[in-house]
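Student: Quick one: the structure is below, questions incoming.
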Amino acid sequence: MNATDVIEAFAIPSWNGPVSEEDRARALAALEDGRVVMIPGLEFRLHEAEYPLLDGGALDNSRKNVSYDPRTGKCGGSGHSGPELERLTVMMDRYASTADHLVRMLFPSYAPHLEVARTSFRPAEISGRVYSPRHDDRRLHVDAFPTRPTAGRRILRVFNNAAPDGTLRRWRVGEPFADFAAAFLPRVRGMFPGQSLAMSLLGLTKGRRTRYDQYMLGLHDAGKLDAGYQKTAPQADVVFPAGTTWMCYTDQVLHAALAGRCAFEQTFHLPVAAMATPEKSPIKVLERLSGRRLA
Ligand code: SIN
Ligand code: FE
């Protein structure tokens, strides 16, 4: 595999476009096929006064990311307070609305169905840190979160490399989801009876964990924990220079973030029915493989 198999590049001169109808169609097909839509040179500009917010001081001790909820206007995980926290919140909100505008411009058919989720700012250098294998996003994985079931809804993420010193963000992208899922699904455990209800009543999950969520978590863990797979699975190295914007369905694209600092990310959820090709969604793939309904 090489980068050209997994990346679809677009020349879009500004956050307001213009975007041609051909590019819209090509972007939609690439995204739903499980490729990464990349827009070189589409830069998220920072203001002078925001530079001091970019170093490690933006984080409270234990956290990797600052997280922002555009629905409440609240920032979490930062070490800042007072005017700095205010400035950080404004910066996060600007990224959230910029990414939102871009997604609606590129994928107008998604617009009425998009659910805006969290914004993150990732100031810390990824390489050279210590992670437990399950939390190590430098290993190939699909995104799935133990506390946040999606019940099959898609996870669409819009990234920007905003490193002021030009640090590259390096990813590795893996094989098609269906190939990965076929290899790992037989190893994944289901839930025990009553588990989903119990977890939700105990506040361990936000809403009910479905069979789909359980399988996705299992795939996430099994893939990361298989050192042989990490080493020998088909994969391509991809580089995102500073000033690049990219997006993909991270519940479908096997990805690993190897190095880089100062990235922004906005998450959206989308119901499968709003896709042009719902049959390509992970839930439909897993339902075909397992022969049962998963949510
Ligand atoms: C991830 O989703 O695994 C991390 C992506 C990144 O921070 O570049
Ligand atoms: Fe991830």
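The values are calculated or read from the model by the stated rules, or taken from the named source; none is laboratory data. Keep in mind the model is a prediction, meaning the values are calculated, not measured. As a convention, Cβ positions derive from the backbone with ideal geometry for all residues, glycine included, and neighbour counts pool all protein chains shown. Surface accessibility is based on the protein's heavy atoms, side chains included, excluding ligands, DNA and RNA. Shrake-Rupley method; radii C 1.70, N 1.55, O 1.52, S 1.80 Å.
Student: Could you check the stretch 249-266 and list, in sequence order, the residues that are open to solvent by less than 10 Å² (accessible area, probe 1.4 Å) and either hydroxyl-bearing (Ser, Thr, Tyr) or away from ligand 2 (no atom under 11 Å from the Cβ) (or both)?
Tutor: Within the stretch 249-266, Tyr249, Thr250, Gly260, Cys262, Ala263, Phe264, Gln266 meet the criteria.
Student: What tally of residues in the stretch 148-163 results from selecting those that are open to solvent by less than 60 Å² (accessible area, probe 1.4 Å) and closer than 17 Å to Leu217 by Cβ?
Tutor: Residues meeting the conditions: 6.
Student: Which condition does Glu43 not pass, out of (1) surrounded by 16 or more Cβ atoms within 10 Å (Cβ to Cβ); (2) touching a Pro at 6+ places or on another chain (Cβ under 9 Å), if it passes all the others?
Tutor: With respect to (1) surrounded by 16 or more Cβ atoms within 10 Å (Cβ to Cβ); (2) touching a Pro at 6+ places or on another chain (Cβ under 9 Å), Glu43 is out only on (2).
Student: Considering every residue within the stretch 164-178, establish whether at least one is in contact with a helix residue (DSSP H, G or I) (Cβ under 7 Å, 6 or more places away or on another chain), within 30 Å of Leu53 (Cα to Cα) and either surrounded by fewer than 23 Cβ atoms within 10 Å (Cβ to Cβ) or of a type outside the set (Val, Ile, Thr) (or both).
Tutor: So far as the stretch 164-178 goes, yes, one or more of its residues are in contact with a helix residue (DSSP H, G or I) (Cβ under 7 Å, 6 or more places away or on another chain), within 30 Å of Leu53 (Cα to Cα) and either surrounded by fewer than 23 Cβ atoms within 10 Å (Cβ to Cβ) or of a type outside the set (Val, Ile, Thr) (or both).
Student: Could you go through the stretch 112-121 and let me know if any residue there is part of a loop (DSSP other than H, G, I, E, B) and either on the phi < 0 side of the Ramachandran plot or within 15 Å of ligand 1 (Cβ to nearest atom) (or both).
Tutor: Looking for residues that are part of a loop (DSSP other than H, G, I, E, B) and either on the phi < 0 side of the Ramachandran plot or within 15 Å of ligand 1 (Cβ to nearest atom) (or both), one finds at least one in the stretch 112-121, hence yes.
Student: If I ask for residues that are among the hydrophobic types (A, V, I, L, M, F, W, C) and either open to solvent by 50 Å² or more (accessible area, probe 1.4 Å) or within 13 Å of ligand 2 (Cβ to nearest atom) (or both), which ones from the stretch 116-137 would you list?
Tutor: Ile126, Val130, listed by residue number.
Student: Exactly one of these conditions fails for Ala236: (1) within 16 Å of ligand 1 (Cβ to nearest atom); (2) buried (at least 20 other Cβ atoms within 10 Å of the Cβ). Give me its number.
Tutor: Status for Ala236: all satisfied but (2).
Student: Any residue that is under 16 Å from Ala242 (Cα atoms) and either assigned to a helix (DSSP H, G or I) or of a type in the set (S, T, N, Q) (or both) - is there at least one of those in the stretch 11-18?
Tutor: Yes, because at least one residue in the stretch 11-18 is under 16 Å from Ala242 (Cα atoms) and either assigned to a helix (DSSP H, G or I) or of a type in the set (S, T, N, Q) (or both).
Student: How many residues are among the small types (Gly, Ala, Ser), more than 27 Å from Arg45 (Cβ to Cβ) and within 16 Å of ligand 1 (Cβ to nearest atom) when one looks only at the stretch 239-295?
Tutor: So the answer is 1.
Student: I'd like the full set of residues that are away from ligand 1 (no atom under 15 Å from the Cβ) and in contact with a Ser or Thr (Cβ under 7 Å, 6 or more places away or on another chain), limited to the stretch 128-151.
Tutor: Residues satisfying the conditions are Thr147, Pro149, Ala151.
Student: Filtering the stretch 179-199 down to residues that are at pLDDT 95 or above and buried (at least 17 other Cβ atoms within 10 Å of the Cβ), which residue is farthest from the chain's Cα centre (by Cα)?
Tutor: Phe184
Student: Can you tell me which of (1) part of a strand (DSSP E or B); (2) open to solvent by 20 Å² or more (accessible area, probe 1.4 Å); (3) within 13 Å of ligand 2 (Cβ to nearest atom) is the one Phe145 doesn't meet?
Tutor: (1)
Student: In contact (Cβ under 8 Å) with a residue 40 or more places away in the chain and over 25 Å from Glu279 (Cα atoms), is that true of Leu219?
Tutor: So Leu219 fails the test.
Student: Also: Within the set of pairs 6 or more residues apart or between chains, which connect a residue that is in a helix (DSSP H, G or I) inside the stretch 258-285 to a residue that is open to solvent by less than 10 Å² (accessible area, probe 1.4 Å) and of a type in the set (S, T, N, Q) with Cβ atoms less than 7 Å apart?
Tutor: Val272/Ser281
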